[in-house]
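Student: I have a structure here, written as structure tokens, and I will follow up with some questions on it.
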Amino acid sequence: MSARFFLGAALVALAAPATAQDFAITSATVATGDGSEPMQGATVVVRSGKVVAAGPGVPVPAGIQAVDGTGKWVTPGLFAALTTLGLADAGGVQESNDISARGSPFGAALDVVPALNPASQHVAVARGKGVTRASVMAQPSGSIFGGQGAIVDLGADPDMVMRPRAFQMVVLGETGARIAGGSRVSAHAVLRNALREARQYGSDSKIAGTRRTGQVTTGDDLPIDTRLIDNAAVREDVLLTRFDAAALVPVVNGAQPLYVNVERAADIRAVLALKGEFPRLRIVIAGASEGWMVARELAAAGVPVIANAMNDLPASFEQMAATQSNVGRMVRAGVKVAIAPVGGGSGDQPSNLPQFAGNMVALTKVPGATGLSWGEAFAAISSVPADIAGMGGRAGVLKPGAAGDLVVWDGDPLEVTSAPERVIIDGVEQPQDDHQRALARRYRDLDTSDLPKAYDR
């Protein structure tokens with residue numbers, strides 16, 4: 001019996017019933033996702049939906065199923081650092097597309113959760129390619145704010161939301177300028193005003209709350225405007241709706257990260273400067289085509305980046321200094337960088353993450369270029385995005401206590417010729433059927449009997 005058949009036959013039993021199973025995969029090439037290089041002849045043990053151990057010489061506990069992984073690669077599930085998965089069934093059909101809300105009266109208050117569709121074919125395709133968790137965002141359109149994103153898992157069940165309202169999305173640069181009135185000056189004014197109004201709203205609401213409990217105090221003996229107490233944050237000069245202001249309170253308080261989409265080095269510096277006025281901001285830069293030019297500032301500020309892997313041609317004036325070495329140079333400078341397509345193009349599916357990471361490894365062989373080691377590249381699509389999302393040590397890695405998200409590959413996952421054979425989320429094997437696979441089976445041969453009726457001759 002071949003290793004491939006044996007592995008498949010053994011793990012099929014894990015899929016039913018859909019509860020976490022206890023199992024071990026032995027004698028495999030294992031990448032833990034923490035930045036280290038792959039280990040040969042290693043074992044991974046999963047119990048009750050959690051990783052128990054991973055590495056060479058790990059014993060298989062008595063009483064659990066052991067699967068021979070000879071010739072296979074085992075990795076943690078991939079983590080899509082920024083995606084619109086589950087928000088559109090067909091991008092070109094507006095009625096099925098919830099990626100943006102151009103005509104909405106709200107911006108920061110928008111919440112992706114009610115629109116998420118776990119049965120979306122995009123989710124199924126990504127899951128079949130090894131993506132097990134993701135940060136889902138809505139794209140800013142009617143406002144510079146895209147709203148509140150969510151952390152999800154891609155398990156084949158109705159409950160995909162792990163953490164709602166996990167981060168706030170805002171766009172600056174050229175796109176933000178266009179939305180906000182035609183210039184970067186306007187976009188920054190809109191952003192700063194929004195953050196100030198949110199800070200005041202949170203302060204007024206706190207005062208109103210103490211008023212209702214009979215504990216009226218400002219902490220510095222300043223007089224209190226009772227009109228603010230009775231009707232917190234209702235002012236004549238506000239631009240935000242109450243709903244939007246309330247949504248931004250966790251951002252200015254540092255409870256919710258602010259993901260800022262910018263590309264140009266000057267724009268990144270302008271975003272970093274926001275912390276001078278709003279010191280509690282937890283900023284994540286998305287895009288950063290010119291991030292390598294400000295890598296030291298990003299590292300010093302401790303601001304992580306989500307960047308395209310191979311953005312080497314300027315598609316706009318704000319990307320004039322784009323280079324394939326962008327990610328590698330930022331990593332070398334000490335910046336925490338996750339790889340994710342953030343441009344919204346047709347090639348931006350999370351299923352392409354292994355190819356993007358593999359390109360970064362190949363770049364190390366190009367004279368004068370700066371790429372990533374295999375371990376660094378894989379971490380950029382697994383543990384690093386999980387860490388940026390606030391799930392460090394709990395997803396994207398094979399270490400004790402982490403989620404039992406495993407992908408069994410038929411070869412090196414960063415090679416385009418490799419593919420997942422099994423995808424396991426929280427210890428439960430997932431189905432790998434989707435429309436792409438169904439179409440491939442249907443049209444694998446040219447037997448005319450398989451053609452639709454319209455093609456009958």
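Every number here is computed from the coordinates shown, using simple stated rules; none is lab data. All values reported here derive from a predicted model rather than from experimental measurement. With ideal geometry, Cβ positions are generated from the backbone for all residues, glycine too; neighbour counts draw on all protein chains shown.
Student: Once phi is turned into θ = phi - 60°, what whole-Hz ³J(HN,Hα) does the Karplus curve with 6.51, -1.76 and 1.60 give for every residue of region 320-336, x standing for Gly and Pro?
Tutor: Coupling constants for region 320-336: 4, 9, 4, 8, 4, 7, 3, 5, x, 5, 5, 4, 4, 7, x, 7, 7 Hz.
Student: Sticking with this structure for a sec: Can you compute the charge dipole magnitude of region 79-388 about its Cα centre, using +1 on each Lys and Arg Cβ and -1 on each Asp and Glu Cβ, nothing else charged? Give it in debye, rounded to the nearest 20.
Tutor: Roughly 560 debye for region 79-388.
Student: Going 7 Å from the Cα of Ser418 in the Cα-to-Cβ direction, what parts of region 352-366 have a backbone nitrogen less than 16 Å from that spot?
Tutor: In region 352-366, the label zone of Ser418 (backbone N under 16 Å from the point 7 Å along Cα→Cβ) covers 352-363.
Student: With each pseudo-label sitting 7 Å past Cα toward Cβ, what's the Ser48-Asn193 distance in nm, one decimal?
Tutor: So the label points at Ser48 and Asn193 sit 5.4 nm apart.
Student: For the pair Ser203 and Arg437, what calculated FRET efficiency results from E = 1/(1 + (r/R0)^6), where r is the Cβ-Cβ distance and R0 = 41 Å, to the nearest 0.05?
Tutor: Rounded to the nearest 0.05, the efficiency is 0.15.
Student: Choose one of Gln319, Ser186, Leu248: the residue whose Cα lies farthest towards the positive end of the charge dipole of region 79-388 (beta-carbon charges +1 Lys, Arg; -1 Asp, Glu; about the Cα centre).
Tutor: Gln319
Student: To continue, here is another question. Counting only Cα atoms, I'd like the Rg/Rh figure for region 79-388, Kirkwood definition for Rh.
Tutor: In region 79-388, Rg relative to Rh is 1.00.
Student: Taking the Cα-to-Cβ direction at Asp157 and at Arg102 and moving 7 Å from each Cα, how far apart do the two end points lie in nm?
Tutor: It is 3.9 nm.
Student: Whole-Hz ³J(HN,Hα) for each residue in region 159-167, computed from phi via Karplus 6.51 cos²θ - 1.76 cosθ + 1.60 with θ = phi - 60°, x for glycine and proline: what do you get?
Tutor: Going residue by residue, I get 9, 9, 7, 8, 9, x, 6, 7, 7 Hz, with x marking Gly and Pro.
Student: Please name which of Thr83, Gly328, Gly146 has its Cα lying farthest along the dipole of region 79-388 towards the positive end, using unit charges on Cβ (Lys, Arg +1; Asp, Glu -1) and the Cα centre as origin.
Tutor: Gly328
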